[in-house]
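One structure is given below, encoded as structure tokens.
The values are calculated or read from the model by the stated rules, or taken from the named source; none is laboratory data. Note that the coordinates shown come from a computational prediction; the quantities given were computed from them, not determined experimentally. Positions of Cβ are generated from backbone atoms using ideal geometry, with glycine treated the same way; all protein chains shown enter the neighbour counts.
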């Protein structure tokens, strides 16, 4: 076993920089599926007599295109694109920092350490970036508003706290999300490179990121559904994150916890492939110049 690959410490600043660039690339590439996932998750059975505008991904795309045009599929992208740069940077930089902290006496990182390093990074990004950006994104999509009008409306009606709706649900989602993703990708990387004895090619990075996306989506979609509901304009229907979770289960059944899962995979799977591949490539380039 190669101790060099296992014990080489990543530079958090280089990981942060690589994450910033990769986050912008990934957000732009897969946004239409994120838009559709959010729309599907916002639909509930609590509003009696309201017929859903669409029920699936394909008719959702058709409906949006007919009523709002092609760029309607990019509603809500602006705040996410702006936020994706620091968000992904914080995620990969914090993950590198926590990985260095959690190494054993031989400098190696266990599977559980990879999970907790990812979870720690997810908590930090949830508090600093994800919650206000996801709240804004969800409300822009639900109300079909442009970014500046949406910001003014949220601030005038709810103040700054309006941007932190669903904080606890977002922390749960991001911690589990990044914990599962980094756990999968790092363990996958150990296997395909034989602990660093072989080169991690861009294709292998793409495949590793995509499979990490599948793993994390199946593992934490219920948290994502609850987070989306808690950040929408109808969040007043729920007293808390737990109340939201219980009401969905009671009124809509366990199946509702996987609403938007397919649409989410349509965004997350290629998105994680793109971001992990981009980070690997960019980190290698930055390390060769500044590492």
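For the stretch 197-209, the criterion of being on the phi > 0 side of the Ramachandran plot, surrounded by fewer than 15 Cβ atoms within 10 Å (Cβ to Cβ) and touching a residue at least 12 places away in the same chain (Cβ under 8 Å) is met by no residue. Just wondering, is there one or more residues in the stretch 116-132 that are more than 24 Å from residue 216 (Cα to Cα) and either under 21 Å from the mean Cα position of the chain (by Cα) or surrounded by fewer than 22 Cβ atoms within 10 Å (Cβ to Cβ) (or both)? There is no residue in the stretch 116-132 that is more than 24 Å from residue 216 (Cα to Cα) and either under 21 Å from the mean Cα position of the chain (by Cα) or surrounded by fewer than 22 Cβ atoms within 10 Å (Cβ to Cβ) (or both). Tell me whether the stretch 233-255 contains one or more residues that are under 20 Å from the mean Cα position of the chain (by Cα) and surrounded by fewer than 19 Cβ atoms within 10 Å (Cβ to Cβ). The answer is no, given that none of the residues of the stretch 233-255 is under 20 Å from the mean Cα position of the chain (by Cα) and surrounded by fewer than 19 Cβ atoms within 10 Å (Cβ to Cβ).
Based on this model, can you work out whether residue 263 counts as crowded, with 17+ Cβ neighbours inside 10 Å, within 20 Å of the chain's Cα centre (by Cα) and closer than 30 Å to residue 158 by Cβ? The answer is yes for residue 263. Pick from the stretch 176-196 the residues that are out of contact with any helix residue (DSSP H, G or I) (no Cβ under 7 Å at 6 or more places or on another chain) and farther than 19 Å from residue 283 by Cβ: which of them is surrounded by the most Cβ atoms within 10 Å (Cβ to Cβ)? Restricting to residues being out of contact with any helix residue (DSSP H, G or I) (no Cβ under 7 Å at 6 or more places or on another chain) and farther than 19 Å from residue 283 by Cβ, the top hit is 194. In the stretch 1-90, counting only helices (runs of 4 or more DSSP H) that sit wholly within it, the ones holding 2 or more residues that are modelled with pLDDT of 90 or more and under 30 Å from residue 101 (Cα atoms) span 12-42. Scanning the stretch 163-173 for residues that are without any contact (Cβ under 8 Å) to a residue 40 or more places away in the chain and surrounded by fewer than 19 Cβ atoms within 10 Å (Cβ to Cβ) yields a single hit, 164.
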